[in-house]
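Engineer: One structure, pasted below without further comment.
The values are calculated or read from the model by the stated rules, or taken from the named source; none is laboratory data. Everything quoted here is computed from the prediction, not taken from an experiment. Here the Cβ positions follow ideal geometry from the backbone for every residue, glycine too, while neighbour counts run over all protein chains shown. Areas reflect the complete protein model, heavy atoms only, side chains present, ligands, DNA and RNA absent. Shrake-Rupley method; radii C 1.70, N 1.55, O 1.52, S 1.80 Å.
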Amino acid sequence: PSRSINDLPTVQNAERHWQKIASEPGAREHVLNKPLSTVRDTAGIFYRLGLVLQELDLGIGMTVVDFGAGSCWFSSLMNRLRLRTISVDVSPTALNFGREMFHTDARHHMELDPQFVTYSGHAIAIPDESVDRVVCFDSFHHVPNQAEVLREFYRILKPGGRLVMGE
């Protein structure tokens, strides 16, 4: 029998990490305020964010997968730029932060039907050739099965689609 990636310590650790954040008010505030959580980190995040945005070459209405979305702050920015977003993460708790952020901030374009997908560790529950862009911002280095995930990115990207990583 094949093991689920959810049996791996990496995934278990991720969910424990997000559950701990969810239980601590200061930590919750920190992740819900990202990328403006700390004066020290914001400049570096914005610098890398600018590079990633430039390479994504976005257009209004495109569908963007935010892989390793965590609290979904990047998805939030994309949605506010009028892009369809699919936030993907191994942690259901992390994705709940994203749902909370989207539903409590009126600046989001809920008519674009933002989606939150828990990643199984093997297959990304998104149809073949259905997304314009995939972005990994500070997340790909956490992936234990990188070759498998790259094949999934290729599968879900439309012809001419683009993968951009900011690591």
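Engineer: In region 40-76, which residues are of a type in the set (D, E, K, R), open to solvent by 10 Å² or more (accessible area, probe 1.4 Å) and either touching a Ser or Thr at 6+ places or on another chain (Cβ under 9 Å) or within 27 Å of T93 (Cα to Cα) (or both)? Full working, then the answer.
Structural biologist: Looking only at region 40-76, we keep the residues that are of a type in the set (D, E, K, R), and these are 40-41, 48, 55, 57, 66.
Imposing the further condition that a residue be open to solvent by 10 Å² or more (accessible area, probe 1.4 Å) reduces the set to 40-41, 48, 55, 57.
Within region 40-76, R40, D41, R48 qualify.
So that you can scan it fast, the table gives a plain yes or no per residue for (1) at pLDDT below 95; (2) open to solvent by 70 Å² or more (accessible area, probe 1.4 Å):
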site	(1), (2)
N33	yes, yes
L36	yes, yes
M78	no, no
L81	no, yes
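Engineer: When the residues of region 89-130 are filtered to those that are open to solvent by 20 Å² or more (accessible area, probe 1.4 Å) and of a type in the set (G, A, S), which remaining residue is farthest from H30 (Cα to Cα)?
Structural biologist: Ranking the candidates gives S130 first.
Engineer: List the helices (runs of 4 or more DSSP H) that sit entirely inside region 1-120 and contain at least 3 residues that are closer than 23 Å to R133 by Cβ.
Structural biologist: Working: elements: 9-23, 25-32, 39-56, 73-80, 92-104.
Once the helices (runs of 4 or more DSSP H) in region 1-120 are filtered for at least 3 residues that are closer than 23 Å to R133 by Cβ, what remains is 39-56, 73-80, 92-104.
Engineer: Now a separate question. Would it be correct to say that S2 is surrounded by fewer than 20 Cβ atoms within 10 Å (Cβ to Cβ) and either modelled with pLDDT of 95 or more or out of contact with any Cys (no Cβ under 6 Å at 6 or more places or on another chain) (or both)?
Structural biologist: Working: surrounded by fewer than 20 Cβ atoms within 10 Å (Cβ to Cβ): yes; either modelled with pLDDT of 95 or more or out of contact with any Cys (no Cβ under 6 Å at 6 or more places or on another chain) (or both): yes.
Yes.
Engineer: Does region 61-68 include one or more residues that are acidic (D, E) and within 21 Å of M110 (Cβ to Cβ)? It would help to see each step written out before you state the result.
Structural biologist: Of the residues in region 61-68, the ones acidic (D, E) are 66.
With within 21 Å of M110 (Cβ to Cβ) added as a condition, the list becomes 66.
Yes, region 61-68 contains a residue that is acidic (D, E) and within 21 Å of M110 (Cβ to Cβ).
Engineer: On the basis of being among the basic types (K, R) and closer than 20 Å to H30 by Cα, does R133 make the cut?
Structural biologist: Working: among the basic types (K, R): yes; closer than 20 Å to H30 by Cα: no.
No, not satisfied.
Engineer: Further, regarding this structure: Going by the conditions given, is S75 without any contact (Cβ under 8 Å) to a residue 40 or more places away in the chain, under 19 Å from R28 (Cβ atoms), of a type outside the set (A, V, I, L, M, F, W, C) and in contact with an Asp or Glu (Cβ under 7 Å, 6 or more places away or on another chain)? Before the answer, list the steps.
Structural biologist: On the way: without any contact (Cβ under 8 Å) to a residue 40 or more places away in the chain: yes; under 19 Å from R28 (Cβ atoms): yes; of a type outside the set (A, V, I, L, M, F, W, C): yes; in contact with an Asp or Glu (Cβ under 7 Å, 6 or more places away or on another chain): yes.
So S75 fits the description; yes.
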